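Visitor: Have a look at this one before I ask anything.
The values are calculated or read from the model by the stated rules, or taken from the named source; none is laboratory data. Keep in mind that this is a model prediction, so the values were computed, not measured. Counting neighbours? That spans all protein chains shown, and the Cβs are built from the backbone with ideal geometry, glycine included. Side chains included, ligands, DNA and RNA excluded: accessible areas come from the protein's heavy atoms. Shrake-Rupley method; radii C 1.70, N 1.55, O 1.52, S 1.80 Å.
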Amino acid sequence: MLDVIFEQIFSPPIMFFALGMFAALIRSDLKIPPEMSTAMLLFLLAAIGLGGGVGVAKVGIGGVLGPGLAATFLGVGISLLGYTILTRLKFDAANAGSIAGHYGAVSAATMVAGLAFLDARGVYYEAFVPALYPLMDSPAILTAILLARFAIAKTKVGADVKVDMPALVIGSITGKAILLLVASMVIGYIAGYEGTKPIMPFFDDMFRGILCLFLLDMGIVAAARLKEWKIVGPRLLVFAFVMPPIHGIAGVLLGTLTGLSVGGATMLGVLAGSASYISAPAAMRAAIPEANPSLSLVASVALTFPFNIIIGIPLYYIVAQILIV
Amino acid sequence: MLDVIFEQIFSPPIMFFALGMFAALIRSDLKIPPEMSTAMLLFLLAAIGLGGGVGVAKVGIGGVLGPGLAATFLGVGISLLGYTILTRLKFDAANAGSIAGHYGAVSAATMVAGLAFLDARGVYYEAFVPALYPLMDSPAILTAILLARFAIAKTKVGADVKVDMPALVIGSITGKAILLLVASMVIGYIAGYEGTKPIMPFFDDMFRGILCLFLLDMGIVAAARLKEWKIVGPRLLVFAFVMPPIHGIAGVLLGTLTGLSVGGATMLGVLAGSASYISAPAAMRAAIPEANPSLSLVASVALTFPFNIIIGIPLYYIVAQILIV
Amino acid sequence: MLDVIFEQIFSPPIMFFALGMFAALIRSDLKIPPEMSTAMLLFLLAAIGLGGGVGVAKVGIGGVLGPGLAATFLGVGISLLGYTILTRLKFDAANAGSIAGHYGAVSAATMVAGLAFLDARGVYYEAFVPALYPLMDSPAILTAILLARFAIAKTKVGADVKVDMPALVIGSITGKAILLLVASMVIGYIAGYEGTKPIMPFFDDMFRGILCLFLLDMGIVAAARLKEWKIVGPRLLVFAFVMPPIHGIAGVLLGTLTGLSVGGATMLGVLAGSASYISAPAAMRAAIPEANPSLSLVASVALTFPFNIIIGIPLYYIVAQILIV
């Protein structure tokens, strides 16, 4: 299975991320104009939302209700659990929210690897599995952002001052990241596969290419803050290896309870166990700019992703086989 | 036919326009960087021009001469008529020019709906019909911009001062919107279908996707000026419903006179009756920045477009059948 | 063969370059925002590097070793020779480096014309010929940039001050243009054809379209400096017509010595004889901003390109036939 890991580490988006870090460390003048960075961010958020909305529209809300609720529950739950644990590990609210959101959200590459794992073994899985992605991803990101923004607002107004909850909720929802993500999902859901076809050469085909240049910028940003990573390293290292199997097995369990097949339950485990480095970095950068992207990206890309590919996917499959007989 | 309208209203570009208005109205921090806005504008103008030039090259200038002249005459005439009426309705020169240009120019979506209407009924139409689009669209936009720019220049220099006509014409033609539009059309015409093939994955396939983000920005801009719309609302509402059938029937008449078939004459009516919300907003924003884009866009998208889909297209078809027997 | 030349001169990227010059000369307000210009530059450099890296990966380093070394030797040698000659012709270091790099680097359009020339005559050539492109292109550009940057640094520090060579080399290599170009080539080589497939709709399909808008900007920049061209005109004119056949015949000779077929040797001559107007302008603008892009672009596009198409390609083919019997 080493080839799958290497294939991913040496995938262009991840290598462009490394290039960005390298460029910053050797003090190169390679920089991304802020306006280009914002443009790519807006593009990625709209593209993620549209894809998610189309995914839900494809299977219909009814057909995906049980597993969909399970996916949403997992996304929200993992973000809540992660945030609680990370704040106890002395992470500040911004980083705890950002990292928790990364772990609640889903890694597309891990999902693809999981599906390939099942395909190679001829294991049946429900066709709507990819639609569970946005149902776990967006609620997880939303939960994590709300947790962090509430906590940050509380700090700023002082301990003896009441937090203006409704204003915070409205502020969080009208923030550009969530607004564009949710609105694009609604647009994708309403327009559906046929309606979004003419715009998908832009929003779908360009996605991974633009992601390369976006992660190049993320790498430059991450490297500039790499020293912070050293401070919190050990605690996050433990988190990155201990939490994924807990999330993944919870996913398999909930998949089994909502009537999924062995393959489907395995996949819900894979989605829950994975940590995002596509949708979450884009959303977090916009909604929690105080957080250090190197923490969450290094943890999710360099630690949790290989763990899931080597140990996680086979583990969730074995657990699903034990639970469903 | 209600499904066709809903399909259009709930098409992604129009929904992104609505999202932009919504975001501005709820005071979200969702903003498009000005440089990104300019970049999208330059792209859209070049893409429209290239597509138009290729369209003319495809059929050859000779083959499309009669109907082409009719299309150009209609484009220029509708802009002139619209400008005259709108200034009498007390619109200022900038808005009169912008709105007149929108109505002189053509809506691609309405054209597609018209062709689909004929296809569904098995009605024959000339294959070069799509090439009439740019022959009506560009002259209409040019006429409207010239009218507005002349009038605005006249106001600025005062009543007793002679307007420097040649400078104005040169200024209008060397303005970035018209220069890029016309030059791109020339480039598209010279390079032709084969010559532009390698660049069309960018200029053609990306068009509607980038249009979404452009209209998102237009929505933000439009909403910020929505109160002006309330002032002029009733007059523009009448214009948006009364003029299209007049333009459309004139189109059918001219189509008949230039020897088009029932289907072809219907289509010239559809093109004339439609109001642009793709090429015109891009051109007008660059050439008449003083105009309020919410006026023209709301009128063409929200009023004239549905009118044409429901009543216009069948009406022009019936008129064409009566005229050609 | 006149049709091939016209086809190229009237290709959209070159016409957009002309439009840019025209717009600047008539003092139009058509401008490209600097951030958009930088974004396109970063895109083009990444795309060129990725394509080059994939090209090398496709044939394997071993299979292309002999002709590859010949191509690299030619690229470096032509840049060195060009730089030496141009500085003797009283060009300053910046322009000598930029022009030499353009002539050391390769024109994709000339390569395509050469392959078509051989195809039309049924002449066999090695399948890895396109992979020689980056092996000549990048070293040539690197050599030219290093030569120019060294010389410029020397001038700045004064005649009696020692030049800090290691700092200059590090500075040149960590400069954004070379860093992004070389790193993208490494990424393309590691990821290979399959690994870069998901990002190629962006980096490959968009390339020539974005090149149009990039050359539009180059045209605006070039025209603003056109008066400098008149000063150096005659000398560069001679260079643009005399050097290509020398480079081309040297290429055929080296191709023959490294065991290429008549077709392969012809193609190495075509690559060596050609002057870049795609990769080199992008790299030079970033690495030697002091150089005047109009000099190198007018020479390579307007003089050397047509020369190669009419006289060069058949000449190199005849020489290859004489050498290999």
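Visitor: Nearest 20 debye, what's the magnitude of the dipole of the range C:1-145 about its Cα centre given +1 on Lys and Arg Cβ and -1 on Asp and Glu Cβ? Can you show the working numbers first?
Guide: On the way: 6 positive and 8 negative charges, 56 e Å.
So the magnitude is around 260 debye.
Visitor: Counting pairs on different chains as well as pairs 8 or more places apart, how many Lys pairs in chain C have Cα atoms under 23 Å apart?
Guide: 9
Visitor: Quote the FRET efficiency, to the nearest 0.05, computed for C:Ile26 versus B:Tyr193 with a Förster distance R0 of 30 Å and r equal to the Cβ-Cβ distance. Show your work: numbers first, answer last.
Guide: Working: r = 29 Å, r/R0 = 0.97.
For C:Ile26 and B:Tyr193, the calculated efficiency is 0.55.
Visitor: In the full protein assembly as shown, how much of C:Thr258 is accessible to a 1.4 Å probe, in Å² to the nearest 10?
Guide: Rounded to the nearest 10, the figure is 50 Å².
Visitor: Right, another one. Give me the percent of the accessible area of the range B:178-317 that comes from carbon and sulfur atoms, probe 1.4 Å, all protein chains in place. The partial results should precede the final answer.
Guide: Numbers: 3050 of 4190 Å².
Ligands and nucleic acids excluded, carbon and sulfur reach 73 percent.
Visitor: Further, regarding this structure: Loop only by DSSP, 13 or fewer other Cβ within 10 Å of the Cβ. Give me the trypsin sites (Lys or Arg not before Pro) in the range B:1-109 that pass, ordered by residue number. Spell out each step's value before the answer.
Guide: On the way: sites: B:Arg27, B:Lys31, B:Lys58, B:Arg88, B:Lys90; in loops: B:Arg27, B:Lys31, B:Lys90.
In loop regions of the range B:1-109 (DSSP not H, G, I, E or B), the sparsely surrounded trypsin sites (Lys or Arg not before Pro) are B:Arg27, B:Lys90.
Visitor: Another question, then. Only Cα pairs within less than 10 Å get springs; with that Gaussian network setup on chain B, which residue of B:Ala18, B:Ala71, B:Ala272 has the largest fluctuation?
Guide: Its mean-square fluctuation being the largest, the pick is B:Ala18.
Visitor: Sticking with this structure for a sec: Looking only at other chains, what is the average number of their beta-carbon atoms within 10 angstrom of each beta-carbon in A:209-215?
Guide: Details: counts 14, 4, 3, 9, 7, 0, 0.
Across the residues of A:209-215, the mean count of other-chain Cβ atoms within 10 Å is 5.
Visitor: Using a probe radius of 1.4 Å on protein heavy atoms only, what is the accessible area buried between chains A and B, both sides summed, to the nearest 100 Å²?
Guide: Values: alone 14170 and 14200 Å², together 26420 Å².
Interface area, both chains combined: 2000 Å², rounded to the nearest 100.
Visitor: With θ set to phi - 60°, apply the Karplus curve 6.51 cos²θ - 1.76 cosθ + 1.60 along the range A:294-310 and write out the HN-Hα couplings as whole Hz, x wherever there is a Gly or Pro.
Guide: Working through the residues one at a time gives 5, 4, 5, 6, 4, 4, 6, 7, 8, 10, 6, 4, x, 4, 5, 5, 7 Hz.
Visitor: Still on this structure, please answer the following. Give me the 1.4 Å probe accessible area per residue for the range B:247-296, excluding ligands and nucleic acids, in Å².
Guide: Numbers: 960 Å² over 50 residues.
Per residue, the range B:247-296 has an accessible area of 19 Å².
Visitor: For the range A:82-158, take the convex hull of the Cα atoms, compute a quarter of its surface area, and give me that in nm², please. If you can, show how the numbers build up before the last one.
Guide: Details: hull surface 23.9 nm².
Orientation-averaged projected area of the Cα hull: 6.0 nm².
Visitor: Ok, one more. Taking the rotation that carries C onto A, look along its axis and tell me which residue of C has the beta carbon nearest to it, distance in whole angstrom.
Guide: C:Glu35, 3
Visitor: Of the candidates C:Gly233, C:Gly51, C:Gly101, which one comes out as most mobile in a Gaussian network treatment of chain C with C-alpha springs shorter than 10 Å?
Guide: With Cα springs under 10 Å in chain C, the top fluctuation among C:Gly233, C:Gly51, C:Gly101 is at C:Gly233.
Visitor: Starting from the range A:17-59, pick out the chymotrypsin sites (Phe, Trp or Tyr not before Pro) whose DSSP state is loop and whose Cβ has at most 10 other Cβ atoms within 10 Å.
Guide: Numbers: sites: A:Phe17, A:Phe22, A:Phe43; in loops: none.
Listed in order of number, the matching sites amount to none.
Visitor: Next question, about the same structure. On a full-extension model of 0.36 nm per residue, what is the gain between B:Phe10 and B:Ile311, subtracting their alpha-carbon distance, rounded to one decimal in nm?
Guide: Once the chain is fully extended between B:Phe10 and B:Ile311, it gains 106.4 nm.
Visitor: Which of the chymotrypsin sites (Phe, Trp or Tyr not before Pro) across the range B:80-143 are loop residues per DSSP, with 16 or fewer other Cβ within 10 Å? Walk me through the numbers on the way to the answer.
Guide: On the way: sites: B:Tyr83, B:Phe91, B:Tyr103, B:Phe117, B:Tyr124, B:Tyr125, B:Phe128; in loops: B:Phe91, B:Tyr124, B:Tyr125, B:Phe128.
Those satisfying the criteria are B:Tyr124.
Visitor: While we're here: Within the accessible area of the range A:27-99, what % is carbon and sulfur when the probe is 1.4 Å and the other protein chains stay in place?
Guide: Values: 1850 of 2790 Å².
Ligands and nucleic acids excluded, carbon and sulfur give 66 percent.
Visitor: A further question on this structure: What size of dipole, in debye to the nearest 20, comes out for chain C about its Cα centre when the only charges are +1 on Lys and Arg C-beta atoms and -1 on Asp and Glu C-beta atoms? Display every interim value, and only then the final one.
Guide: Values: 18 positive and 16 negative charges, 154 e Å.
Charge dipole, chain C, about its Cα centre: 740 debye, nearest 20.
Visitor: When the Cα centres of the range A:93-131 and the range C:236-303 are compared, how far apart do they sit, in Å?
Guide: The range A:93-131 and the range C:236-303 have Cα centres spaced 49 Å from each other.
Visitor: Which helices of chain A meet both criteria: a Cα extent of 24 Å or more along the helical axis and a mean Kyte-Doolittle score no lower than 0.5, with helices taken as whole DSSP H segments?
Guide: A:34-59, A:65-88, A:129-157, A:176-196, A:226-257
Visitor: Can you give the mean number of other chain Cβ atoms that lie within 10 Å of the Cβ atoms in peptide C:31-42? The partial results should precede the final answer.
Guide: Values: counts 3, 4, 10, 3, 14, 11, 3, 6, 11, 2, 0, 8.
Per residue, the average neighbour count from other chains is 6.
Visitor: Let me ask something additional. Mind checking which of C:Pro293, C:Asn95, C:Ala240 is farthest towards the positive end of chain C's charge dipole, using Cβ charges of +1 (Lys, Arg) and -1 (Asp, Glu) about the Cα centre?
Guide: Of the candidates, C:Asn95 comes out farthest on the positive side.
Visitor: Moving to a separate point now. Just the projected area, averaged over all directions, of the convex hull on the alpha carbon atoms of the range C:171-325: how many nm²?
Guide: On the way: hull surface 45.7 nm².
Here the figure is 11.4 nm², rounded to one decimal.
Visitor: On the principal axes of its Cα set, how long, how wide and how thick is the protein assembly as shown? Give whole Å, largest value first.
Guide: Extents along the principal axes, in whole Å: 79, 76, 57.
Visitor: Could you work out the mean projected area of the convex hull around the alpha carbons of the range B:1-99, in square nanometres to one decimal?
Guide: 10.3
Visitor: While we're on this one: When only C-alpha pairs under 8 Å and at least 6 residues apart count, what is the relative contact order of chain A, in percent? Please list the in-between numbers first.
Guide: Numbers: 531 pairs, mean separation 108.4, N = 325.
In percent, rounded to a whole number, it is 33.
Visitor: Over chain A, consider all pairs of different Cα atoms and compute the Kirkwood hydrodynamic radius from their mean reciprocal separation; express it in Å, one decimal.
Guide: On the way: mean 1/r = 0.0506 Å⁻¹.
About 19.8 Å for chain A.
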